[in-house]
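Here is the structure we will look at, set down as structure tokens.
Values quoted throughout were computed directly from the atomic coordinates according to the rules given, and no laboratory measurement underlies them. Since this is a predicted model, take the numbers as computed values, not measurements. Note that each Cβ is placed from the backbone with ideal geometry, even for glycine, and that neighbours are counted across all protein chains shown.
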């Protein structure tokens, strides 16, 4: 496919300076060159200025200020509006892409029905290895591909936002990412904005095909703080809150369709593996089984509370608009 691809990286903190530079370098090293890389800075003027100076003379890299409210959704919408490619890809600011990442994305779009292609995100544990208690079924807690997703290039309900690409016409059909869902700079690790968008896209374009190609690989850094059980529980609880907002937006049937299979098939199998490992004396088996049970109960609690709050307060999100030149402020060549 000869389509040009714009890559959007949303950033918000100078604490990830080295990660941001590594992410941009991985895009610039792609075997299929990106048309451009857009760094969208989320309401952080010192970081905006620093990145603008860093990439002032770097061809193909632009630095933009988030033109909407604080948060990942508005940042992505800013990047979409400012981008020029027929395909818009998203990369987490603390991840690096393998060399063939964009090439495999492009291959998926050779079918004109395809409006989105996601990839496989692997954890790069800061400690050097996965904590023995941490179940692969819950790798979504640290923003990575989890056990239970089908292998290969397959059709899915939604892609995962930190490693995904969309045909520009997807945003023409469905609008932008919804603000009020997902991360907004708060300490609570919310998510699911890409889930809500993909469901909304499928409703706007019933003929649309959304894919995951596990050859489009990125490596997502997992800091030591996110390897702890405390973060695991907090992220599971936040996921329940986020899923409640998604269900309110698109309906529980669509919003929880994939989750039902996950909780009734994938997780029981994971508990069984953990208990079997424990019986065989393998390290962490009981911990993994216990973590799955805790994760399910914690997420369920978040969902129930989030549903009650949503009913009382009404929806607190709005579909983002993709306007012309929305991300122009603070641009650098």
Could you list 56, 243 in order of exposure, starting from the residue whose Cβ has the fewest other Cβ atoms within 10 Å? 56, 243
Within a 10 angstrom radius of the beta carbon, how do 216, 307 rank from fewest other beta carbons to most? 307, 216
With springs only between Cα atoms under 10 Å, which of 158, 44, 77 fluctuates most in a Gaussian network model of the chain? 44
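Place the peptides 292-298, 114-120, 83-89 in order of packing, highest mean first, counting for every residue the other Cβ atoms within 10 Å and averaging per peptide.
Numbers: 292-298: 18.1, 114-120: 25.4, 83-89: 21.4.
Per-residue mean Cβ counts within 10 Å order the peptides as 114-120, 83-89, 292-298.
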Helix 45-54 versus the longest principal axis of the chain: what is the Cα-based angle in degrees, 0 to 90, to the nearest 10? 60
Rounded to 10°, Cα long-axis angle of helix 229-250 versus longest principal axis of the chain: 70
Which of the three applies to region 31-80, rounded, prolate or oblate, going by the alpha-carbon gyration tensor with a ≥ b ≥ c and a/c under 1.5 meaning rounded? oblate
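Considering only DSSP beta bridges whose two residues both sit in region 5-315, what percent are antiparallel, to the nearest 5? Mind showing how you got there, number by number?
Values: 14 of 40 bridges.
Of the beta bridges lying entirely in region 5-315, close to 35 percent run antiparallel.
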Relative to the chain, whose Cα atoms define the longest principal axis, helix 285-313 and its Cα axis are tilted in degrees, nearest 10, by 60
Note down the nm distance, to one decimal, between modelled labels 7 Å out along Cα→Cβ at residue 276 and at residue 13. 3.9
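Counting other beta carbons within 10 Å of each Cβ, put 76, 62 in order, fewest first. Don't skip to the answer; put the middle values down first.
Working: 76 29, 62 24.
The fewest-first ordering by Cβ neighbours comes to 62, 76.
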